[in-house]
Amino acid sequence: MPKEQKSRHLKKEAVAIPSPPDNVMHKDDPRQCHFWVKRKRQVNELNERFIRYCHLPTKIGNNYCGEHLASDPNPTTRERIPCPYDKSHYLIINTVYKDELEKHLAQKCNSRPRPNPPYFSLDVNCTLSYPSKFAEEEKSLVLDHEVLKEKKEIITNSKHVIQQASLLGHMERLKLLQPDGCFIEFGCGKGELSYFTKFAIKDKDDEVRFLLIDRKNTCGK
Ligand SMILES: C[S@@+](CC[C@H](N)C(=O)[O-])C[C@H]1O[C@@H](n2cnc3c(N)ncnc32)[C@H](O)[C@@H]1O
Ligand SMILES: [Zn+2]
Ligand SMILES: [Zn+2]
């Protein structure tokens, strides 16, 4: 549409801005956000493309919903602080009202620690009592395995491959790399450790049993 015709078309649809919803300070009254929501086709007298207020409710004491709190021209003086339980994402910092922190941590926060489920049994997969002399020694011993030699030369960020090589080195040292074994990789991701274990045992006939377990199936795993 030509520019002139387009602006005439927009003017026809112009609407007056109604006054914002009246938010009374009573807990049972409905409260509505004061944020104007943009829409493509309709405009006000100033040719601004706004048509209605946001439909989300607000908290008592606020005129803007949580989503639009940053647009409030008269922001509340209540201080918000980062949630101590919710530091998982480095880009999004989840904040909470400082004066509600205790309630948030005890009842509301989705990242708050929960009691262990009934089937949880601490160290159920540990066959050695901890701490034991054996476990202490093993912890500081970084070993290597030849099946990861080639990968080590290609990979620039080698932390992961050093760990895989060391785990295989430990398995070899403890004589665990046997074809009649069953290898369970907890938190297998792409299953790389099992993949290299198969090479380390030289399992050409697919005789060795592998059980791969992961809580997620994302990221091409
Ligand atoms: C570093 S990655 C996998 C590395 C993999 N073992 C390898 O050598 O290539 C860790 C994996 O553990 C999984 N994981 C973490 N906690 C888990 C849990 N409680 N139960 C099952 N899988 C878990 C994650 O989803 C992730 O895929
Ligand atoms: Zn809103
Ligand atoms: Zn939280």
Under a 5 Å amide H to amide H cut-off, with H placed in plane at 1.01 Å, what residues pair with PHE183 once short-range neighbours are removed?
ARG209, PHE210, LEU211
Net charge (Lys, Arg +1; Asp, Glu -1) of residues whose beta-carbon lies under 13 Å from that of ILE184, ILE184 excluded, is -1
Please give, to one decimal in nm, the separation of the simple spin-label points placed at SER71 and ALA106, each 7 Å out from Cα toward the Cβ.
3.6 nm
Total formal charge among the other residues, if their Cβ is under 13 angstrom from that of GLU100, Lys/Arg +1 and Asp/Glu -1
+3
Could you put CYS33, CYS188 in order, starting from the residue whose Cβ has the fewest other Cβ atoms within 10 Å?
CYS188, CYS33
Okay, which of the range 171-213 sit inside 19 Å, backbone N to the point 7 Å along the Cα-Cβ direction of GLU150?
191-206
Step through the table entries LYS151/LYS175; LYS159/LYS216; LYS108/LYS159; LYS98/LYS216; LYS103/LYS216; LYS108/LYS190, compare each Cα-Cα distance with 28 Å, and write down the pairs that go over it.
LYS108/LYS159; LYS98/LYS216; LYS103/LYS216; LYS108/LYS190
How high is the relative contact order of the range 133-213, in percent, with contacts defined as C-alpha pairs under 8 Å that are six or more residues apart?
29 percent
Charge context of PHE196, other residues only, Cβ under 14 angstrom, K/R +1, D/E -1:
-1
Per residue Cα convex hull volume in Å³ - calculated over the range 133-213:
105 Å³
Segment HIS55-SER166, length gained on full extension (0.36 nm per residue, minus Cα span)
34.2 nm
In whole percents, the bins of 5 Å from zero upward hold the Cα-Cα pairs of the range 177-221 as 5, 24, 31, 20, 12, 8, 1
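Readers should treat all values here as calculations from the given coordinates under stated rules, not as data from a laboratory. None of these values were measured; they are calculated from a predicted model. Glycine gets a Cβ as well: all are built from the backbone with ideal geometry, and neighbour counts include every protein chain shown.
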